[in-house]
Amino acid sequence: MKFNVLIVDDEKNIREGLSKALELDGYATFIAEHGKEALDIIHSEEIDLVITDLRMPVMSGEELLKQVTGAYPTVPVIILTGHGTIENAVNAMRDGAFDFLTKPLNLDRLSLLAKRALANRELVLQHRALQEEVELLGAKNRFSKIIGKSSQMKKVMELVEQVAQTKATVLITGESGVGKELVADAIHQLSGRMHNSFIKVHCAALTESLLESELFGHEKGAFTGALSRKRGRFELAHKGSIFLDEIGEINQSIQIKILRVLQEKTFERVGGEETVEVDVRIIAATNRDLKKEIEDGNFREDLFYRLNVVNIHVPPLRERKEDIPLLASSFLKEFAEENGKPVEGIDQKANIALYGYGWPGNIRELRNCMESAVVMCKTNIVHLEDLPPSVALSSEEDTIRLNAGISLAEAERIIIESTLSYCNGNKSKTAEVLGIGRKTLHRKLDEYELGTTG
């Protein structure tokens, strides 16, 4: 990435000399004689760093700093000052300047400051690029709330779009926190029922008696406290869809009634005799192994097959780690806006920790992690220390340590073995992480007599 640096100084020799020095460092440079000319350039060009003198005609460096930090808060400003105006430079730091340098300038010091200032700028631009990628993926998938570019999530979205327009019952499986409800949302929103009701029932949150009443409704006097007739969730979802989350938690008596709705599209309210007909699409979700629940006698086999017409499995986050940067960036933007904090990037160490952590709570845990990071962040960049301790420590756990004095071959063996373990024995992923071909990896595995699990 080539950065654009704007140099503002009323002394021609200084601005031209600095321009040549910074170009040797690989930057593209723009020059201006005073603050007003500088602002015109900033408005028309993508400027990444401003280096400005304080005392200039037409518009001073102080005024330019205020204008830049007000309109372009992510663009760092380095102040140049003579010894007589050091106090002004310190005040400029309070007003948002990145740092200041005294004249005559030390070019090595300037080069170092520019590099530091642009390191943060690069993180901000990376964050913005990820946001643009999220928006493009949302437009491509036609459902912006599911974020991911991994092959696993592409398959999930392809399946969602394929089944959405049909009448098929869908069973969504996956660990807690992977986003099963978002998949259900997508199915309804992309279906012909999208303009009708989408009713959600979290089965695990309701007692047996309350769940039955919630699903099927009740007649007046059906039980103590039933002061009037109440329509259940199935009736409310007529012509639309109903989402039964954690369906593996419901008991057998309610399972029978749901099976009847699937087979006959009818039911009776609790305490009633009138048969109610409904046209409703059922989308169910579970984090349990329903086949095992059938074996244990907890779940009806006939209901399972009625629900499992189409199965969509949402993979855990640890199996699609390439989606972590997109998800983290999206959550960062959400919580920065929600909390009114100008947090606009994640540094390398924090990113490594996010990638290395196992995420047992999946996307829900990552979302909570980024909310915490935004709250704890003291600058515009999330650093390793801003992450929850359990996540931050993962960067140390996933570090490969090599003792001094070992041979190159032994170091290579340790790196391959550790990476293979990190990738859960997946050779394709190991080769990708190491940046070598799969054949080369196989040869190295044989050479070092390293076993694999897949």
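Listing for the model above:
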quantity	calculated
Test for ALA139: is it closer than 24 Å to PRO325 by Cα and out of contact with any Asp or Glu (no Cβ under 6 Å at 6 or more places or on another chain)	yes
Members of region 337-361 that are surrounded by fewer than 21 Cβ atoms within 10 Å (Cβ to Cβ), in contact with a Pro (Cβ under 9 Å, 6 or more places away or on another chain) and closer than 21 Å to GLU133 by Cα	PRO342, ASN351, TYR355
Condition broken by ILE324, with the remaining ones in (1) modelled with pLDDT under 95; (2) farther than 25 Å from VAL183 by Cβ satisfied	(2)
Filter result (more than 27 Å from HIS238 (Cα to Cα) and surrounded by 17 or more Cβ atoms within 10 Å (Cβ to Cβ)) within region 294-318	VAL314, PRO315, PRO316, LEU317
Criterion violated by SER111 - all others in (1) in contact (Cβ under 8 Å) with a residue 24 or more places away in the chain; (2) of a type outside the set (A, V, I, L, M); (3) in contact with a strand residue (DSSP E or B) (Cβ under 8 Å, 6 or more places away or on another chain) satisfied	(3)
Qualifying position, being at pLDDT 90 or above and out of contact with any Leu (no Cβ under 7 Å at 6 or more places or on another chain), among ASN424, ASN339	ASN339
Filter result for GLU344 (of a type in the set (Asp, Glu) and closer than 28 Å to ALA168 by Cα)	no
Yes/no for SER150 being surrounded by 16 or more Cβ atoms within 10 Å (Cβ to Cβ) and on the phi < 0 side of the Ramachandran plot	yes
Strands (runs of 3 or more DSSP E) contained in region 267-379 and holding at least 3 residues touching a residue at least 60 places away in the same chain (Cβ under 8 Å)	281-286, 310-313
Residue in region 159-173 that is surrounded by 13 or more Cβ atoms within 10 Å (Cβ to Cβ), closer than 26 Å to PHE267 by Cα and under 24 Å from the mean Cα position of the chain (by Cα) present	yes
Single residue of region 277-292 satisfying the filter (under 19 Å from ARG193 (Cβ atoms) and of a type in the set (A, V, I, L, M)) that is surrounded by the fewest Cβ atoms within 10 Å (Cβ to Cβ)	VAL278
Any chance LEU227 is without any contact (Cβ under 8 Å) to a residue 12 or more places away in the chain and either of a type in the set (S, T, N, Q) or surrounded by fewer than 21 Cβ atoms within 10 Å (Cβ to Cβ) (or both)	yes
Filtered residues of region 66-76 (kept if within 12 Å of ILE42 (Cα to Cα) and buried (at least 22 other Cβ atoms within 10 Å of the Cβ))	VAL68
Elements of type strands (runs of 3 or more DSSP E) in region 147-259, at least 1 residues being closer than 19 Å to ILE363 by Cβ and among the aliphatic types (A, V, I, L, M)	170-173
Residues of region 93-144 classified as in a helix (DSSP H, G or I), surrounded by fewer than 17 Cβ atoms within 10 Å (Cβ to Cβ), touching a Leu at 6+ places or on another chain (Cβ under 8 Å) and not assigned by TED's automatic domain parsing to the domain that holds ILE51, total	1
Any chance LEU39 is modelled with pLDDT under 90 and buried (at least 16 other Cβ atoms within 10 Å of the Cβ)	no
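Residues are listed down the side, and each one gets a yes or a no for (1) under 16 Å from VAL170 (Cβ atoms); (2) of a type in the set (A, V, I, L, M, F, W, C); (3) under 42 Å from the mean Cα position of the chain (by Cα); (4) at pLDDT 90 or above:
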site: LEU227; (1), (2), (3), (4): no, yes, no, no
site: ARG231; (1), (2), (3), (4): no, no, yes, yes
site: GLY240; (1), (2), (3), (4): yes, no, yes, yes
site: VAL280; (1), (2), (3), (4): yes, yes, yes, yes
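The values are calculated or read from the model by the stated rules, or taken from the named source; none is laboratory data. Values in this document were obtained by computation on a predicted structure and should not be read as measured data. Every residue, glycine as well, gets a Cβ built from its backbone with ideal geometry; the counts of neighbours run over all protein chains shown.
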